[in-house]
Amino acid sequence: MKILVINSLYPPYHRGGAEVVVQTLVNELKKEHEVHVLTIRPWVGFSSLKLSASQEDTVTVYRFYPLNIFSFINIDKYPFWVRMIWHALDAINIHSYIIVRRFIRRLKPDLILTHNVKGIGYSIFLPIQESQIVSVHTMHDVQMIEPSGLIMWGHDEVLTKPSLIQWLTIVCSRWLVGSPQRVICPSRFLKELYEKYGFFPQSQREVISNPVPDDFFSPQSDTKVLHAPCRFLILGQVGEHKGIRVAIEALKLVPDLACILTIVGDGALTEYVKEQAVRDGRIQYRGRLGREEIKKELSETDYTIVPSLCYENSPLVIYESMAAGVPIIASRIGGVAELVDDGSNGYVVTSGNAEELARTLTIAAANPDYSTFSQTSREKVNASAVSEYVKKLIS
């Protein structure tokens with residue numbers, strides 16, 4: 001089967017878990033199908049406005065620069081008011097509409113899989129619908145409701161009373177995206193939020209957990225035991241919305257706790273984390289690591305901490321950690337609570353509450369049932385192996 005996968009970013013460009021999900025999916029699909037990827041590229045002159053194809057690890061990747069005031073790749077570098085102009089142009093990007101319309105007619109795929117298209121433009125859903133080719137859209141965040149893609153704890157009015165800008169975003173996105181044949185949400189939280197605002201009225205809407213590479217799963221026979229000192233891990237974007245400061249503040253509240261907190265990733269708070277690592281010998285900063293290095297890090301970790309201050313959809317780091325038998329300590333927010341059963345395969349705490357997190361770290365470090373937590377974690381995500389995910393997708 002000829003499959004077209006569309007996502008705004010594709011390696012070497014990335015922002016978060018969505019790109020990892022897409023690459024994991026592509027690597028599995030290409031085993032039995034002809035896979036093509038459509039994505040964006042940086043501005044390198046007027047030639048970048050046209051599609052360019054390259055063969056990347058047996059997959060044909062097509063890249064172009066969607067005409068706008070700057071590239072989605074660099075969006076974090078611009079102030080709020082400039083980003084608002086960019087979002088408006090991105091939503092109705094006529095250039096992307098023309099490129100994708102012509103490309104679909106030429107490629108004639110059997111199946112179109114869309115993921116994050118912020119940066120390409122919601123206008124591309126129109127030629128997809130016109131083509132009448134079977135399409136499946138996977139949701140990863142709240143960008144069709146909140147342009148920034150972030151709903152912060154304590155500033156979550158959009159969940160009940162959207163602002164004017166948010167309502168305009170909802171109405172515009174809802175009209176442009178329409179109703180793909182299937183819409184997949186990795187969490188009930190995300191599915192119910194979009195249903196609340198009338199998205200995808202004619203689509204088959206379902207919850208399917210994010211896929212995890214099969215090689216992330218540790219053998220069922222492996223029995224993990226707590227290290228001494230206990231080893232905690234934070235993996236992903238090193239930013240305010242991920243609760244990095246809260247986790248470090250929690251560690252400061254228990255100065256006698258024998259533990260190691262390893263932080264993997266990069267972002268706006270990289271320098272802050274480096275400073276804290278100098279001040280507290282229990283903190284280690286590893287920077288950005290490759291997939292194999294991450295697997296090794298998980299094999300040596302006792303708990304993964306996900307102290308998010310934003311409403312998460314279904315963080316991939318949770319799936320990968322649990323597949324490796326690593327229990328989770330996470331904020332009780334968004335779709336996270338659907339994955340972590342408090343006192344069974346991990347612990348959940350109030351978002352932003354450093355004191356509660358500090359108490360939980362102390363309890364976790366002395367957990368007499370740790371091996372059971374580890375085994376239960378693996379069992380919780382067994383059905384999320386990418387091989388199983390593709391079966392559900394293709395069906």
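The values are calculated or read from the model by the stated rules, or taken from the named source; none is laboratory data. Remember, predicted model here, so these are calculated numbers, not experimental data. FYI the Cβ positions are ideal-geometry reconstructions off the backbone, even for glycines, and counts take in every protein chain you see. The area values use the complete protein model at the heavy-atom level, side chains included, leaving out ligands, DNA and RNA. Shrake-Rupley method; radii C 1.70, N 1.55, O 1.52, S 1.80 Å.
With contacts taken as Cα pairs under 8 Å and at least 6 residues apart, the chain reaches a relative contact order of 14 percent. When both bridge partners sit in the chain, DSSP labels roughly 15% of those beta bridges antiparallel. The 1.4 Å probe gives accessible areas that order Phe189, Phe103, largest first, as Phe189, Phe103.
Largest accessible area first, the residues Arg286, Arg63, Arg231, Arg41 order themselves as Arg286, Arg231, Arg41, Arg63 under a 1.4 Å probe with ligands, DNA and RNA left out. With Rh defined as the Kirkwood radius, the inverse of the mean 1/r over Cα pairs, the Rg/Rh of region 1-147 is 0.94. When a 1.4 Å probe is rolled over the protein heavy atoms, the share of accessible surface on region 118-275 that falls to carbon and sulfur comes to 55 percent. Using a probe of 1.4 Å, the accessible surface attributed to Asp156 totals some 40 Å² when neighbouring protein chains are kept in position.
Computed with every protein chain present, the accessible area of Lys295 is close to 40 Å² [probe 1.4 Å]. Across Cys172, Cys310, the residue with the most accessible area heads the list, and the full order at a 1.4 Å probe is Cys172, Cys310.
Sparsely packed loop sites in region 1-99 (the GluC sites (Glu not before Pro) outside DSSP H, G, I, E and B with at most 13 other Cβ atoms within 10 Å) comprise Glu32. Judged by the ratio a/c of the largest to the smallest principal axis of the C-alpha gyration tensor, region 212-289 counts as oblate, that ratio being 1.5 or greater while a/b is no larger than b/c.
Charged neighbours of Ser179, selected by a Cβ distance under 13 Å, balance to +2 (K, R count +1; D, E count -1). Which of the pairs Lys50/Lys108; Lys191/Lys380; Lys224/Lys274; Lys77/Lys274; Lys2/Lys380; Lys50/Lys392 have their Cα atoms more than 24 Å apart in this structure? Going by Cα-Cα distance, Lys224/Lys274; Lys2/Lys380; Lys50/Lys392 fall outside the 24 Å limit. If only the Cβ of Lys and Arg carry +1 and only the Cβ of Asp and Glu carry -1, the dipole of region 204-345 around its Cα centre is close to 320 debye. Spread over its residues, the convex hull of the C-alpha atoms of region 84-213 is 117 Å³ per residue. Annotation: aspartates and glutamates with alpha-carbon distance below 18 angstrom to Lys391 (same-chain offsets under eight excluded): Glu28, Glu32, Glu34, Asp110, Glu206, Asp214, Asp215. Can you work out the base-10 log of I(q)/I(0) for the chain at q = 0.06, 0.12, 0.14 1/Å, using the Debye formula on its C-alpha atoms alone? Log-scaled intensity ratios, in q order: -0.24, -0.96, -1.28. Put a plus charge on the Cβ of each Lys and Arg, a minus charge on the Cβ of each Asp and Glu, and nothing anywhere else: the dipole of the chain about its Cα centre is then about 1340 debye. Region 96-142 and region 171-213 have Cα centres separated by 15 Å.
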